[in-house]
Amino acid sequence: MRLFVAVDLSGEVKAALEDIQGQLKGSGVHGRYTARENLHITLAFIGEYGDAQAVLDALEGVRFEPFGLGLDGMGSFGGLWWAGIRADGGLKGLAAQVRRQLAMANIPFDRKKFSPHITLIRDPDKQVIPQVKIPDVKMTVEGFSLMLSERGKRGMIYTELGTVSAGKEEERI
Ligand code: ATP
Ligand code: MG
């Protein structure tokens, strides 16, 4: 199983990201646009690993409070354009905790430095990102998920295998 840990995004934030994608399309940028349901922030990439339950058990150890998040510009690495994220410190802390729990449980993950982003398009046919207007949206992150990544006929299919919610243990579902 190809696994990763991610923050899902609110409908409003996804709509804002689709708006940006629409602006890029309007500027004549062609490429592999991320489908709405696939928009996410990766906290940790595990990759091939057989025991999803062990990962969920490890993630249950993460304690965090809800935090705010907004969009912040665009950037690129290689053949990938992304939307940046403005977060009030909570996101970095969450990624660090997720990674700490995985490490403690001996679950392998990519240890590259966390660089929060939301992939909007892969392999764009232009070199320079056109001017876009980033909608001013905010959301509160109340949880994160373990995701399964599979290659479908028409692109990647991500399936949520479990979710961990913010707040104290006794308040959790
Ligand atoms: P594809 O690789 O076919 O373009 P994808 O990148 O959407 O599709 P995955 O490769 O399964 O699907 O990646 C799932 C998530 O994990 C994505 O957010 C991706 O950017 C991230 N990711 C993938 N590989 C790594 C890695 N080595 N280190 C950090 N994050 C990664
Ligand atoms: Mg990939």
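Some points to look at:
- Counting Lys and Arg as +1 and Asp and Glu as -1 over every other residue whose Cβ lies under 11 Å from the Cβ of Ile134, the net charge comes to -1.
- Diffusion coefficient, µm² s⁻¹, Stokes-Einstein with Kirkwood Rh over alpha-carbon pairs of the range 2-168 at 20 °C and 1.002 mPa s: 129
- Total formal charge among the other residues, if their Cβ is under 13 angstrom from that of Arg111, Lys/Arg +1 and Asp/Glu -1: +3
- In this structure, the amide hydrogen of Ile41, modeled 1.01 Å from its nitrogen in the peptide plane, lies closer than 5 angstrom to those of Val7, counting only residues at least 5 positions away or on a different chain.
- 3J(HN,Hα) along the range 57-65: 4, 5, 5, 4, x, 6, 10, 8, 9 Hz, from the Karplus curve 6.51 cos²θ - 1.76 cosθ + 1.60 with θ = phi - 60°, whole Hz, x for Gly and Pro.
- The packing ranking of peptides 39-45, 16-22, highest mean first, is 39-45, 16-22, where packing means the average number of other beta carbon atoms within 10 angstrom of each residue.
- Among residues other than Arg86 with Cβ under 14 Å from its Cβ, the summed charge is -1 (Lys and Arg +1, Asp and Glu -1).
- For the range 19-24, backbone phi angles converted through the Karplus equation (6.51, -1.76, 1.60; θ = phi - 60°) give residue-by-residue couplings of 4, 4, 4, x, 5, 5 Hz, Gly and Pro being listed as x.
- Helix-derived mean residue ellipticity, 222 nm - over the chain, DSSP H n ≥ 4, -39500 (n - 2.57), to 500: -7000 deg cm²/dmol
No value in this document is a laboratory result; all are computed from the given coordinates. The model shown is predicted, which means the values in this text are computed figures rather than measured ones. Cβ sites come from the backbone with ideal geometry, for glycine too, and all protein chains shown count toward neighbours.
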